[in-house]
Amino acid sequence: MPRLPELVLFDRDGTLIYDFPYNGDPDWVRPLPGAREALDRLRARGIRTGVVSNQSGVARGLITMAQVEACMARLSELLGPFDTIQACPHGPDEGCACRKPAPGMVTTACAELGVDPARCVVVGDVGSDVEAAAAAGAVGILVPTPVTRKSEVAAAPRRAETLGDAVDDVLAGKYGYCR
């Protein structure tokens, strides 16, 4: 029987919820179809879940960190509980260690929960999600959406058609990622 990961981290916008760019309104936090069921299946197997989300709207002055936190609280009400939630408030040119594709949010989430990154999976809808996973030593799964670039799809070593399919693959041990 394959060993399952200890932690699955999800990108927020476009992966778990509809992507309303620079959203600061909790009323606009709307789960994508099947998101709750996918998360519940992981939790039922004892796998912890978390969120890793770039929130550059803070650096751009379009939203506040308090608004990000309110939207994350609404996300937790609708799809939680999550074992960890990480949000990067930096802009793309700030050179921080947390903004995906950098590994900071993934490694911080793993350290917070005492999980070896090799026992972690990251699921997201763009290439930077998969790149952050790889940089942290985790496994990345791309779930393409209409905004995913064709080059990102081509470059992703692991893909799934839907969030539910990604979770099915995780629960089946399809990638053999865990030591």
Let me know the charge dipole size of the range 94-179 about its Cα centre in debye, to the nearest 20, where only the beta-carbon of Lys, Arg (+1) and Asp, Glu (-1) is charged.
200
What does the helix-only formula give at 222 nm for the chain: each DSSP H stretch with n ≥ 4 adding -39500 (n - 2.57), the total divided by the residues, and the result rounded to the nearest 500 deg cm²/dmol?
-10000 deg cm²/dmol
Counting only heavy atoms of the protein chains, get the accessible area per residue of the range 101-179 (1.4 Å probe) and round it to a whole Å² value.
44
Please state the shape class of the range 1-91: rounded when a/c is under 1.5, otherwise prolate if a/b exceeds b/c and oblate if not, all from the C-alpha gyration tensor.
prolate
Give the share of C-alpha pairs in each 10 angstrom bin for the range 90-176, from 0 to the last occupied bin, in whole percents, shortest bins first.
19, 47, 31, 4
With all protein chains present, the range 27-119 has a carbon and sulfur share of its accessible area (1.4 Å probe) in percent of 52
Quick check on packing: order 47-59, 83-95 by the mean number of other C-beta atoms within 10 Å, highest mean leading.
47-59, 83-95
Using only Cα atoms, find the angle between the long axis of helix 35-44 and the longest principal axis of the chain, and express it within 0 to 90 degrees, rounded to the nearest 10.
50
Binning every alpha carbon pair distance of the range 30-156 at 5 Å from zero, what are the percents per bin?
2, 11, 18, 22, 24, 17, 5, 1, 0
Sorted by accessible area with a 1.4 angstrom probe, largest first, how do PHE10, PHE82 fall?
PHE82, PHE10
With angles folded into 0 to 90 degrees, how steeply does helix 65-79 sit against the dominant principal axis of the chain? Use alpha carbons for both and round to 10.
40
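The values are calculated or read from the model by the stated rules, or taken from the named source; none is laboratory data. Bear in mind the structure is a predicted one, so any value in this text is a computation, not a measurement. Cβ atoms come from the backbone with ideal geometry, glycine included; neighbour counts cover every protein chain shown. When the accessible area is computed, the model is the full protein with side chains, heavy atoms only, and any ligands, DNA or RNA have been set aside. Shrake-Rupley method; radii C 1.70, N 1.55, O 1.52, S 1.80 Å.
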